[in-house]
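Every number here is computed from the coordinates shown, using simple stated rules; none is lab data. Quick caveat: nothing in here was measured; it's all calculated off a predicted structure. Cβ placement follows ideal geometry from the backbone for every residue including glycine, while neighbour counts extend to all protein chains displayed.
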Amino acid sequence: MNLQAIAAIYGFEMNRTRRTLGQSVVSPVLSTSLYFVVFGSAIGPRMAEVGGVAYGAFIVPGLMMLTLLTQSISNAAFAIYFPRFTGTIYELLSAPVSPFEIVAGYVGAAATKSTVLGLIILATASLFVPLEIRHPVWLLAFLVLTAVTFSLFGFIIGIWADGFERLQVIPMLVITPLTFLGGTFYSLDMLPPVWRTVTLFNPVVYLVSGFRWSFFGHSDVRVEVSFAMTLAFLAVCLVTVRWMFRTGYRLKS
């Protein structure tokens, strides 16, 4: 394994983040803080508890997951799209660097950014609502696993996209609505039986539910199922990336 190649790609992407700190970190944190101000501090005290948890604290895992998913996808998608757009991807593909090392560098950097951003948002949330984390190890596990999985998904989108507008289609028109409809602001127990069944087909439900369990010790879906669904999506992304490099899909043309 060429660790120097991985470190070079990883370092380049992390340096790019430091150059655009306002856009990469400050903007998402401020946007998420608005949700905490409105739903946590203003509306939260007037809402009934959900599963014995104050409403302001209840929405924290969902809002963290919303930011984690969108930022993981966007970071990885833009990271691999720009080399394709400028043509420097051919230099990378002709270098003595394996597909695994390329993916490890780009996805590792995107997942690191998202994980750090998630921890910053968690610290920010604690300023607005009281939080108790019952399973901190599982919280970190879900945080890192989700960041890596959706960074891989973003990497796939960055290869698939043939224009800047397509980079935003999946995060804005698919992931964000699915997250809002995946139990970010409510428990599935609040839904009628029919809609609860329909909602279980939303894959984001399992991510939010597992993440919420790490905070409060209970969730809408069993934590084992949530973890298994995340691993299954990770496996699908790995297989897809392997196929893209093996066939040269939109990498060599």
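At-a-glance table
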{"read-out": "In segment 168-232, the trypsin sites (Lys or Arg not before Pro) that fall in loop regions by DSSP, at most 16 other Cβ within 10 Å", "value": "ARG222"}
{"read-out": "Alpha-carbon centroid distance for the pair segment 154-207 / segment 51-130, whole angstrom", "value": "16 Å"}
{"read-out": "Within segment 120-148, backbone nitrogen closer than 14 Å to the virtual label 7 Å beyond the Cα of GLU224 toward Cβ", "value": "none"}
{"read-out": "Nearest-0.05 FRET efficiency for LYS252 and ILE120, computed from C-beta distance (R0 30 Å)", "value": "0.20"}
{"read-out": "Contour minus Cα-Cα distance for VAL194 and ALA8 (0.36 nm per residue)", "value": "61.9 nm"}
{"read-out": "Segment 84-231: mean projected area of Cα convex hull, nm²", "value": "10.7 nm²"}
{"read-out": "For segment 216-231, Karplus couplings with θ = phi - 60° (6.51, -1.76, 1.60), whole Hz, Gly/Pro x", "value": "10, x, 8, 7, 6, 10, 4, 5, 5, 5, 4, 5, 5, 5, 5, 5"}
{"read-out": "Where GluC sites (Glu not before Pro) in DSSP loops with at most 15 other Cβ within 10 Å are excluded, longest remaining stretch of the chain", "value": "133-253"}
{"read-out": "Net lengthening on full extension, TRP160/VAL174 (0.36 nm per residue, minus Cα-Cα)", "value": "3.5 nm"}
{"read-out": "Length released on extending from THR86 to PHE201, taking residue separation times 0.36 nm less the Cα-Cα span", "value": "37.5 nm"}
